[in-house]
Amino acid sequence: MTDWEKVVSFHGHSCCLLAIGYRATKVALEKLNAHLPGYNLVTVVENRTCAADAVQVVSGCTFGKRNFIYKDNGKYVFTFACMGERQALRVSLRAGVLSKEGDDFVALMEKVANGVATEGEREEFYRRQEPLMKYILEGPVEEIFEMQVVNLEKSLPELCLQMITCSRCGEEMMKDHAFFQNGRPVCKDCLV
Ligand SMILES: [Zn+2]
Ligand SMILES: [Zn+2]
């Protein structure tokens, strides 16, 4: 199985957004020489689309390992850092790449992603996205992404595993997630 096949099988379909995350990660790992054993990679992903799944599969960084960090910026920007090092590689999709297929293409993709496209629109989308996906996967990398070395020192976010019981619902939560009302611990769901 190729890495791209692994990504598609994990995610469930192939699409141009998945291709963005795949190519961005491939290029970054190559530049960083990150396949060296012992390379402690942390990635910061600034969107929650199909692209994020490809980044997790190719980089090996995952939500559960805490080395996959989500920043809610709505940008196709991916930053790859080695823990303990001062500099990181920021890979961003160049403006205009996604709208290469026409201004209405992104609107069509949005309909498909939100599950509101008709059968005809879905077919049109998958037909039209094919050349763009191929371009993102195989086209000249400097045309597709901008790459910058940035100052960013990343370490794993600390994990608090000690538990405390919510005084309202009786469920346990991690201590650092507790709120206190009238001196009693309350979980976020019970907070009034
Ligand atoms: Zn997708
Ligand atoms: Zn509660």
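We did not get these values from a lab; they are worked out from the coordinates using the rules stated. The structure presented is a predicted model; accordingly, all values stated were derived computationally and were not measured. Quick reminder, even Gly has a Cβ in these numbers, built from the backbone with ideal geometry, and neighbours come from all protein chains shown.
Once both labels are positioned 7 Å from their Cα atoms along Cα-to-Cβ, the gap between residue 94 and residue 5 label points is 3.1 nm.
Counting every other Cβ atom within 10 Å of each residue's Cβ, 53, 104 order from fewest to most as 104, 53.
For the range 84-192, the Kirkwood hydrodynamic radius comes to 19.0 Å, computed from all pairs of different C-alpha atoms. In the chain, the alpha-carbon atoms span a convex hull of 177 Å³ per residue.
Show that you can apply the helix-only estimate: for the chain, add -39,500 (n - 2.57) for every DSSP H stretch of four or more residues, divide by all residues, and state [θ] at 222 nm to the nearest 500. Working shown, then result.
Numbers: 6 runs with 71 residues, N = 192.
Estimated from H runs of four or more residues: -11500 deg cm²/dmol.
Sorting the segments 183-190, 129-136, 115-122, 5-12 by their residues' average number of neighbouring beta-carbon atoms within 10 angstrom, most packed first, yields 129-136, 5-12, 183-190, 115-122. Close amide H contacts of residue 87 (hydrogens built in the peptide plane, cut-off under 5 Å, sequence separation of 5 or more or a different chain): 152. Placing pseudo-labels 7 Å out from each Cα toward the beta carbon at residue 71 and residue 142 gives an inter-label distance of 2.5 nm. Approximating the spin labels as points 7 Å out from Cα along Cα→Cβ, the residue 168-to-residue 155 distance works out to 3.5 nm.
With θ taken as phi - 60° and the Karplus curve 6.51 cos²θ - 1.76 cosθ + 1.60 applied, the whole-hertz 3J(HN,Hα) list for the range 4-10 is 4, 4, 4, 4, 5, 5, 5 Hz, x standing for glycine and proline.
Size check on the range 92-131: the Cα extents along the three principal axes, sorted descending, read 31, 19, 15 Å.
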